[in-house]
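Visitor: Below you'll find the structure I mean.
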2 protein chains.
Amino acid sequence: MRSYLLTSCLGAVAFLAVGAANANEELIKLSQNPGDWAMPAGNYANTRFSTLKQIDTGNVRKLQVAWTFSTGVLRGHEGAPLVIGDVMYVHSPFPNVVYALDLNNDGKILWKYEPKQDPNVIPVMCCDTVNRGVSYADGKIFLYQADATLVALNAKDGSVVWTAKNGDPSKGETGTSAPHVIKDKVIVGISGGEFGVRGSVTAYDIKTGQKVWRGYSMGPDSDTLIDPEKTTSLGKPVGADSSTKTWEGDQWKIGGGATWGWYSYDPQLNLMYYGSGNPSTWNPKQRPGDNKWSMTIWARDVDTGAVKWVYQMTPHDEWDFDGVNEMILAEQNIGGKQVKTLVHFDRNGFAYTLDRTNGELLVAEKYDPKVNWATKVDMNKSSPTYGRPLVVPQYSTEHNGEDVNSKGICPAALGSKDEQPAAFSPETGLYYVPTNHVCMDYEPFKVSYTAGQPYVGATLSMYPPPGENNMGNFIAWDARTGKIVWSIPEQFSVWSGALATAGNVVFYGTLEGYLKAVDAKTGKELYKFKTPSGIIGNVMTYEHGNKQYVAVLSGVGGWAGIGLAAGLTKPNEGLGAVGGYAALKNYTALGGQLTVFALPGRE
Amino acid sequence: MRSYLLTSCLGAVAFLAVGAANANEELIKLSQNPGDWAMPAGNYANTRFSTLKQIDTGNVRKLQVAWTFSTGVLRGHEGAPLVIGDVMYVHSPFPNVVYALDLNNDGKILWKYEPKQDPNVIPVMCCDTVNRGVSYADGKIFLYQADATLVALNAKDGSVVWTAKNGDPSKGETGTSAPHVIKDKVIVGISGGEFGVRGSVTAYDIKTGQKVWRGYSMGPDSDTLIDPEKTTSLGKPVGADSSTKTWEGDQWKIGGGATWGWYSYDPQLNLMYYGSGNPSTWNPKQRPGDNKWSMTIWARDVDTGAVKWVYQMTPHDEWDFDGVNEMILAEQNIGGKQVKTLVHFDRNGFAYTLDRTNGELLVAEKYDPKVNWATKVDMNKSSPTYGRPLVVPQYSTEHNGEDVNSKGICPAALGSKDEQPAAFSPETGLYYVPTNHVCMDYEPFKVSYTAGQPYVGATLSMYPPPGENNMGNFIAWDARTGKIVWSIPEQFSVWSGALATAGNVVFYGTLEGYLKAVDAKTGKELYKFKTPSGIIGNVMTYEHGNKQYVAVLSGVGGWAGIGLAAGLTKPNEGLGAVGGYAALKNYTALGGQLTVFALPGRE
């Protein structure tokens, strides 16, 4: 088995000697081998489901810590390590250290890469100095640095193969997301929606680092790679200038629509799926129009970047309900029909089920009953507002106007879910979703654009829904019907990515630092363990020496933990999160650690 | 049981409502309760022995991690937490954060104290920004900050009760050691032997923070609190001006003799025992004479500071063989006689057994066979060099002269052991010693004194003994005979403090980050676990809910790990340690975590 792995006689360093043309095939093979965790989400479908089942509902209570590793970096640790053969690749927040660890030797450091970056990038990172992980293909590890430099490292020794500058931090453009390798390309987005960047996704050749294509979130069709006739939205061609005509003047040039989520890919359709973020500024009064294509689900051809379809979830955003959250691909029977679904849990509190072949909207339901800014998404195909959320005027910050504090909006700006990715189990047919259960007061104000300066234009405060104490829930969701199957309350937002396994165990982490394992069918808690620091990393699993391991990065931070991470204490700081999550300091302190779990017994 | 503990109805916060006059009695009681770990060393005798035996040689292999905690601070974590009732007190290196953690709730943070200190103290800390822990008495937690401020905190809420300024960082005076509470006094020393400080120990009233007495390591008898007639050395009165007459002119005023070790105390004799460090500068040519009382074991009356006896181990130091290492008190049968012994493993590579009632030298033998700078300690009472090491001219840096590189001296400046404390088991009668197995080249050069600037005057490089790879050994030592009973080679210096238990298990940590458990009788390895970062903390144990726990701080650093901790890369930096320990970067990265172990099963 694993005959495609060449293991050096020095041991431990496994790499793949295949051509770039086969990178896609190589990655698909690796992602099908449950022993590896070769992509940020485990597979192209972004299901974060593993067929490993040595750890199951019957024995998970016996789980124990096998080994641990400190990254040497504090602040928020999002993302997850990769495992390719005998090597684990671990990343850190800024300064974005990458370690290759020897799984045959309790994580001995095979190599370490630490980029030299201008620390001036830190102040233009809105929501902690996070990085969501590295990608692998073609014998290379791809790291997307905070300073928006994409670097390809030799997976054997960490040496730099090539670098590509994808953005300019002096304009507020930064890198926080994991790069995604699809076919012979490595694809990255951009962060900086709070600084008036113009979002884009860009594909680079994995061999050379040469730019192949770039598709912007907004602007002329030539920039967005939208075809007025062929690109559809809810089944209809979008028409010419579909983006620019929804903006006033040149505002689209600083229009946001950042692209820092988890991308998925359907090899059969050759389409990649991702979401674009909030329009800039957050003050809706300053940017009339639908602000397309911010807040949009995108389907792009991977070879050319050409847009197959788009669906804007939150036209003319008034709450910072970024659309960047991941798209999870599966096949599901909906209304008696087998559908290639795309499921997306949006910041705006609605969970969307679409037909990913054509962008048809199938289900759009609230996945937190407290969501109040819109009554529903209009599902009436003959309605002029078909596919749009029906906004409640009381919670419309545009309607209430500048310098008016709109109170009691649910969810808060960080959404019913943020970047923390959900998982899908084909065995239960359910989605496991780490959620925020947070409301806000939101006061827009006029702001001027200056390159590299915050372009937010709103003051926020966040808090749990009135009368409740829990700021998060971990839920199981049926995307066929749009219903919550079970829900586990958590004191704080669940800012960790979920993992589902064939052992019918679902894992997630909490901001207090617990790794928890629950029954996939019932949500019953089966195991918990207090890791060194709050968890905002994503749980992953791999097999080594016939033993299943579960691993997660601890390191409190991210938007929810920005108060702790950056030492902020004023309640409105951190885009409103500092006050809301102030109690977190009673549970955990900064850290940066990997904890690896396994069942007892010999390898 | 534990009827002397008042537990608040809010739970978790246990404190002791006893008068200051009883602090000593209170601490002795607490130290006799194996459930608590109430002093830095577990008890006044500095044995680091626990009578707990739930974890034993038969089951220790089943040990697993119960919970963990990140301190939020990187760099070297020396020392150990305290446990008093239901609360654990954890400290960190600079900025010297103290946490009170709730043992009933997986280490929930009851309170946190973070002093505000001028970061300019960092450059005057020779050997990482370490702190060796807090002390408890009379409802207060005592912290000795890096800036040499001693602070008393209310153990219930972390509020400041009093502070006392014990030194001046602008002169190179810093605090790194744990305070020691004895009777109604809290006693601290001073660090800064590399900056020409004049060492002292100072006693403060635990109620008020008022200074009670101070005894200097050098200077007039009125400063040292030496009585020319009553204070003895090797059985004889030391005579008048015993210190000043061994220095040229006023050199004693910048003469070193720092006092940053672990102090012990004999309640029956009312004597405290500690060691003084190197004379300043390291260049021996610049300071003729024996440089008394640097490099000395001290016995002082706790009430007055009066000196009962002294013994200078390394007169006129030429190698930085500080005498600060701990004094371990026990009763042992030596030559058919029951003796109140004091055992001390000195940096100079000799292990000393003395009668602590009078300072009589009983045994002085090398505890690393590679020690070569002296052939032996002269044990001939009628010899004029009685009690002195017989120095080998080849390894005498004074003899070889300034600007001459004396090569191949063993041990290196950091000694056959440094601050990492040994343990003693009364059940085996053996001492368990974490050692360095390192040699050096040493080149003295002329240096001028400037307050607050390094006053070292030597360039060093360190390396394992020629032909060997292991830079450390963990040994069992028979102090009655002065012989190694067993020895476990370790790749790096064992810079973690040892713990011995009645389960006949001995614990220690390694610079790679392993916690190891070995059989007290045979040294056989029974368990190991890779913690997040290199261990230079001291292993401790406690009982909670009828379950025995073992805990240790990870966080690589200290002198041995200074290259990693401070990001130094030139081999001669870090007083010679950077090059010697360069390979450490292949095993671990910076961290700051507590790992708590227990056997599986319910509480």
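Values quoted throughout were computed directly from the atomic coordinates according to the rules given, and no laboratory measurement underlies them. Predicted model only: the values in this text are computed from it and were never measured. All Cβ positions, glycine included, derive from the backbone under ideal geometry; neighbour counts span all protein chains shown.
Visitor: Could you tell me what percent of the DSSP beta bridges with both partners in the stretch B:467-603 are antiparallel, to the nearest 5?
Guide: 95 percent
Visitor: Okay, moving on. Evaluate the distance, in nm, between pseudo-label points positioned 7 Å from the Cα of B:Glu573 and of B:Lys585 along their respective Cα→Cβ axes.
Guide: Going by the 7 Å Cα→Cβ label model, 1.0 nm.
Visitor: A follow-up question, please. In deg cm²/dmol and to the nearest 500, what is the mean residue ellipticity at 222 nm of the protein assembly as shown if only DSSP H runs of at least 4 residues count, each as -39500 (n - 2.57), divided by the residue total?
Guide: About -1000 deg cm²/dmol.
Visitor: What's the exposure ranking of A:Lys108, B:Lys140, going from fewest to most Cβ atoms within 10 Å?
Guide: In order of increasing Cβ crowding within 10 Å: A:Lys108, B:Lys140.
Visitor: Something else: Run through the stretch B:167-266 and list the trypsin sites (Lys or Arg not before Pro) located in a DSSP loop whose Cβ has at most 14 other Cβ atoms within 10 Å.
Guide: Of the trypsin sites (Lys or Arg not before Pro), the ones in loops of the stretch B:167-266 whose Cβ has at most 14 other Cβ atoms within 10 Å are B:Lys230.
Visitor: Okay, moving on. I need the calculated FRET efficiency for the pair A:Gln54 and A:Asn105, taking r as the beta carbon distance and R₀ as 22 Å, to the nearest 0.05.
Guide: Details: r = 22 Å, r/R0 = 0.98.
Efficiency computed from Cβ-Cβ geometry: 0.55.
Visitor: What are the ³J(HN,Hα) couplings of the stretch B:414-420, residue after residue, when phi is run through the Karplus curve with 6.51, -1.76, 1.60 and θ = phi - 60°? Round to Hz, x for glycine and proline.
Guide: 6, x, 5, 8, 10, 5, 4
Visitor: Right, next: Taking amide H atoms as placed 1.01 Å from N in the peptide plane, list the residues 5 or more away in sequence, or in a different chain, whose amide H sits under 5 Å from that of A:Gly387.
Guide: Residues meeting the amide H criterion: A:Asp378, A:Met379, A:Asn380.
Visitor: While we're on this one: For A:Glu331, A:Glu78, what ranking results if the residue with the fewest other Cβ atoms within 10 Å of its Cβ goes first? List each step's numbers first, then the result.
Guide: Working: A:Glu331 12, A:Glu78 30.
Least crowded to most crowded, the residues run A:Glu331, A:Glu78.
Visitor: Per-residue HN-Hα couplings for the stretch B:255-263, Karplus 6.51 cos²θ - 1.76 cosθ + 1.60 at θ = phi - 60°, whole Hz, x for Gly and Pro?
Guide: x, x, x, 5, 9, 9, x, 9, 8
Visitor: How far is the Cα center of the stretch B:367-408 from the Cα center of the stretch A:290-350, in Å?
Guide: Going from one Cα centre to the other spans 78 Å.
Visitor: Then there is this: So if we plug the beta-carbon distance of B:Arg214 and A:Phe445 into 1/(1 + (r/R0)^6) with R0 = 56 Å, what FRET efficiency do we get, rounded to 0.05?
Guide: According to the calculation, E is roughly 0.40.
Visitor: How many angstrom lie between the C-alpha centres of the stretch B:504-583 and the stretch B:222-266?
Guide: 34 Å
Visitor: Would you kindly derive the ³J(HN,Hα) couplings of the stretch A:453-468 from the backbone phi angles with the Karplus curve 6.51 cos²θ - 1.76 cosθ + 1.60 (θ = phi - 60°), listing them in order in whole Hz, with x for Gly and Pro?
Guide: Residue by residue, the stretch A:453-468 yields 9, x, 10, 8, x, 7, 10, 10, 9, 10, 6, x, x, x, x, 10 Hz.
Visitor: Let me ask you something else. What nm distances, shortest first, do you get from the label point of B:Arg61 to those in the other copies when the point sits 7 angstrom along Cα to Cβ?
Guide: For B:Arg61, the inter-copy label distances come out at 2.5 nm.
Visitor: Determine the alpha carbon to alpha carbon distance for each of B:Lys108/B:Lys417; A:Lys156/B:Lys370; B:Lys292/B:Lys417; B:Lys366/B:Lys570 and list only those over 27 Å.
Guide: B:Lys108/B:Lys417; A:Lys156/B:Lys370; B:Lys366/B:Lys570
Visitor: Could you line up B:Val552, A:Val392 from fewest to most neighbouring Cβ atoms inside 10 Å?
Guide: Starting with the residue having the fewest Cβ neighbours, the order is A:Val392, B:Val552.
Visitor: Could you calculate the FRET efficiency of A:Gln32 with A:Asp241 from 1/(1 + (r/R0)^6), where r is the beta carbon distance between them and R0 is 41 Å, rounded to 0.05?
Guide: For A:Gln32 and A:Asp241, the calculated efficiency is 0.45.
Visitor: With everything on Cα atoms, drop me the angle between helix A:23-32 and the longest principal axis of chain A, reported from 0 to 90° to the nearest 10.
Guide: In chain A, helix A:23-32 runs at an angle near 70 degrees to the longest axis.
Visitor: What is the extension gain from B:Lys528 to B:Ile334, computed as 0.36 nm multiplied by their sequence separation minus the C-alpha to C-alpha distance, in nm to one decimal?
Guide: Between B:Lys528 and B:Ile334, full extension yields an extra 66.3 nm.
Visitor: Report the gain in length on full extension from A:Asn469 to A:Lys112: 0.36 nm times residue separation, minus Cα-Cα distance, nm rounded to one decimal.
Guide: 124.3 nm
Visitor: What residues qualify as long-range amide H neighbours of A:Thr531, i.e. H under 5 Å apart, gap of 5 or more or another chain, H built at 1.01 Å from N?
Guide: For A:Thr531, the qualifying residues are A:Tyr514, A:Leu515.
Visitor: Count neighbours as other Cβ atoms within 10 Å of each site's Cβ, and list the trypsin sites (Lys or Arg not before Pro) in the stretch A:437-546 that are DSSP loop with at most 14 such neighbours.
Guide: A:Lys446, A:Lys524
Visitor: Whose amide H sits under 5 Å from the amide H of A:Trp67, counting only residues 5 or more places off or on another chain, with H placed in the peptide plane?
Guide: It is A:Val596, by chain and number.
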